[in-house]
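These notes concern the structure reproduced below.
Read the figures in this text as sums done on the coordinates, not as results from a lab. None of the values given here were measured: they were computed from a predicted structure. Positions of Cβ are backbone-derived with ideal geometry, glycine not excepted, and every protein chain shown enters the neighbour counts.
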Amino acid sequence: MSEGLLKRYGDYLPLTADTPMLSMGEGDTPLVESRRLGKQFGIGRLFFKLEGCNPSGSFKDRGMVVAVAKAMEAGHTTILCASTGNTSASAAAYGAAAGLETVVLVPAGQIAEGKLSQAVAYGARVIKIDGNFDAALNVARELADSYNISLVNSVNPHRIEGQKTAAFEIIETLGDAPDNLFIPVGNAGNITAYWKGFKEAESDERASRLPQMMGFQAEGSAPIVKGHPIADPQTIASAIRIGNPASWSSALVARDESGGSIDTVSDDEILEAYKLLARMEGIFCEPASAASVAGVIKCSRGGMDFSSSTIVCIITGNGLKDPSVALALASHPLEESSADAQIVAGIVGAQLKQ
Ligand code: AN7
C-alpha cells in the first residue's frame, strides 16, 4: 500500500498529533530519463518528473492532501477554491475522501473538459464564474474571509508545504539536486514550493547544492515576465491562463536566489514540445505541462550549453485532462474501414510487413 505524503514526509510538514493522516497514495511519482529529446537538444541528462501520476492526475494532490488534512483538523466542513481546473479536480477528490463539502469556482468556458468532469464526478459544487481565473480567485478570497470555510488555493500555506515534497523526491532519486529545474508558472505556487523544498533539503545536508529555477509562462499570460498584471490573459494552456499570480513575489525570490530565470514560451512552442514529448518519449501531458519542456528547447536553441547538465522538467499534469487538444493535433486524420483485414492492410500499406 502506498503510504502517502503525510506519513512519508511528516517530519517536514506542519502536522500535529491531531492532524488526520489523510492519504490517497499521492506522491512518489516517477522520475523518468529521456530517451531521445535530451540527445536531440544536447543535454547531458534530462529527466521528466511525472506529476500526472498523482491520484487526480496532477501535482496539486501533494499540496491538497496537507491543506485538506489541516481543514479537517480545524473542524471545517467545507473547502473552497478557485481554479483553472486541476486545483478543483484535486480539491474535489480529497474533499470526497475526507467527507467534506467542496465548492469550486471556475472561469466559465475556460477549463479543460477532463478537469471539469472530475470535479463533477467527485461530487463538488461547481460554480462557473463569469470572468477569468483571477476574478474567481478574488471571489474565493472574499468568501474565505467572511465564512467559516477552508480556502485551499495555494495562498493557503499548507499547499506550498505539501508541494515542496516533490523536490525531496527528486533529490532522493538523483542523489542530489539537479543543475536546473524547468517548471511551468501560472499562479506561481509550485515554483515557490520547489524552491522551499530544495532549500530545506540543502540546509539539512540532504543535498549538496541548489538548482537554478527556470520558470516558463505562456507568452499571452506572462505577468511576471512583463512586470505587470495581464487583464485578459490568453493561451491554449488553459491551466496557466493567469494574469495576476498569487505567489508572484515568492516566484521572483526563487528566480533571483537560484540565479535562474522566468521567461515566456509561445503557444506554438508549447504545442511543439507537447507533440515531441508524446511522440519521442511516450509521455502524454497537458499543454501547460509542456511549457517546461518548451523552455528547455528554447534555451537550447538560444545557445545555452547543457551538455554536462542534469536537468529535470516538471510534467505537472496528465494529457487526459485536455483531450480536445490532442485530437486537434492528430498527425494523421482518423481513418475508417469496414471490418476487413485486406482493406485495413491497404490503408496502412507499407507499415505492415509480412
Ligand atoms: C498542469 O488548477 O492554477 O504556478 O487552478 O494545472 O503553481 O499555479 C493550475 C496550475 C502548471 C501552474 N501546470 O502551477 C489551478 C491552477 C498545470 C497546472 C500549473 C497549473 P502554479
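Assorted remarks:
- If you take the alpha carbon atoms of the range 186-338 and fit the smallest convex hull around them, that volume is 135 Å³ per residue.
- When only alpha carbons of the range 2-90 are considered, Rg and Dmax amount to 16.4, 53 Å.
- Across the range 61-190, the volume of the C-alpha convex hull divided among the residues equals 111 Å³ per residue.
- Most mobile of Cys313, Cys81, Cys299 in a GNM of the chain (Cα contacts under 10 Å): Cys299
- Volume per residue that the Cα convex hull of the range 142-235 spans, once the total is divided by residue count, Å³: 129
- Spin-label model, Lys353 to Ala74: label points 7 Å out along the Cα-to-beta-carbon direction sit 6.2 nm apart.
- Model label zone, Ser307; criterion: amide N under 15 Å from point 7 Å along Cα-to-beta-carbon; scope the range 192-212: none
- Positive minus negative residues near Glu205 (Lys, Arg vs Asp, Glu; Cβ under 15 Å): -3
- Excluding same-chain neighbours fewer than eight residues apart, the lysines reachable from Lys128 by a Cα-Cα span under 24 Å are Lys60, Lys115, Lys321.
- Net +/- balance of residues flanking Arg35 in space, Cβ distance below 15 Å, scoring K and R +1, D and E -1: +2
- Computed FRET value (nearest 0.05) for Asp204 with Arg125, which takes r as the C-beta separation and R₀ as 45 Å: 0.65
- Helix-only CD estimate at 222 nm, as mean residue ellipticity for the chain, using -39500 (n - 2.57) per DSSP H run (n ≥ 4): -12500 deg cm²/dmol
- In this simple spin-label model, placing a label point 7 Å from the Cα along the Cα-to-Cβ direction at both Asp176 and Ala17 gives a separation of 4.2 nm.
- Alpha-carbon gyration tensor eigenvalues x 5, square-rooted, for the chain, Å: 32, 26, 21
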